[in-house]
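Participant: Sharing a structure, written as structure tokens. Questions coming.
The values are calculated or read from the model by the stated rules, or taken from the named source; none is laboratory data. Note that the structure is predicted; figures quoted are calculated from it, not measured. Positions of Cβ are backbone-derived with ideal geometry, glycine not excepted, and every protein chain shown enters the neighbour counts.
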Amino acid sequence: MTTPTYKLSPSDLTFLWDECKRCFYLKVVHKFARPAVPFPSIFNKIDSLMKKYYQGKHTDKITPELPSGIILPDNAWVQSQPIPLPGHLAQCYLTGKFDTVVQFDDGTFGVIDFKTSTPQAAHVAFYSRQLRAYAYALEHPAPGKYSLSPISRLGLLVVEPNAIQEAPNDHVAYLGKVTWMEIPVDEATFLAFLDEVLTVLELPEPPEASENCAWCQYRAAARHNGL
């Protein structure tokens, strides 16, 4: 019997899994994804500007909570080895593109994700899957794929715009508070989460839709009306 091997996106493990496990199942198992929704280009531009600004800077430009190190000019795709988990026939692997990494003076690395948002305590738990997925892929890469090890720190660099001021040459400048939100490095908890994910993916049929999933509600209404 062929062992199913499922491709998992770190962002899907963060957003789609929580939004609707049925949509997650359909995308991963049947390659039936939701229609693409345009993402406002201004957020991509802000993200790009943040990455460019911090590249090559020392960690003291982020927070005194981090060890001494340099922010690398990395914005790379990663792919993990297949991940076998006890009790499962299926395997999975992780692939995605992280924001940036830090090389600390002690030879370890940190993975950072940039956010333009209001910092909330809930962000730590919510985004932990995404950053732990990148960390796992970096430490357990597929042959020939991008690799960094060991990963000692994970976190969010959150910028919340809260003021605007005049700048030279008919420009204005947005000012924002910068907050560092540490996410614990915890591979065991992440693998336990993947165990839950594989349990769903191994179901013979898609699970029930989330009550709040507008996509599933639309499909159900279309089927009800014979469309």
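Participant: Would you kindly identify the helices (runs of 4 or more DSSP H) lying entirely within region 1-61 that contain at least 3 residues that are of a type in the set (Ser, Thr, Tyr)?
Facilitator: Hits in region 1-61: 41-54.
Participant: Here is a list of conditions, (1) modelled with pLDDT of 95 or more; (2) surrounded by fewer than 16 Cβ atoms within 10 Å (Cβ to Cβ); (3) of a type in the set (D, E, K, R), and Arg223 meets all of them except one; can you say which number that is?
Facilitator: Checking Arg223 against (1) modelled with pLDDT of 95 or more; (2) surrounded by fewer than 16 Cβ atoms within 10 Å (Cβ to Cβ); (3) of a type in the set (D, E, K, R), the one that fails is (1).
Participant: In addition: Has region 124-131 got any residue that is over 27 Å from Pro35 (Cα atoms), out of contact with any His (no Cβ under 7 Å at 6 or more places or on another chain), at pLDDT below 95 and surrounded by 12 or more Cβ atoms within 10 Å (Cβ to Cβ)?
Facilitator: Among the residues of region 124-131, at least one is over 27 Å from Pro35 (Cα atoms), out of contact with any His (no Cβ under 7 Å at 6 or more places or on another chain), at pLDDT below 95 and surrounded by 12 or more Cβ atoms within 10 Å (Cβ to Cβ), which makes the answer yes.
Participant: Which pairs have Cβ atoms under 6 Å, sit 6 or more apart or on different chains, and link a residue in region 5-23 that is small (Gly, Ala, Ser) to one that is in a strand (DSSP E or B)?
Facilitator: Every condition considered, the pairs that remain are Ser9/Gly96.
Participant: Considering only residues that are more than 21 Å from the chain's Cα centre (by Cα) and touching a residue at least 24 places away in the same chain (Cβ under 8 Å), look in region 46-64 and name the one that is nearest to Ala76 (Cα to Cα).
Facilitator: Ranking the qualifying residues of region 46-64, first place goes to Thr59.
Participant: Take the residues of region 91-123 that are assigned to a loop (DSSP other than H, G, I, E, B) and modelled with pLDDT of 95 or more: which is nearest to Leu8 (Cα to Cα)?
Facilitator: Thr108
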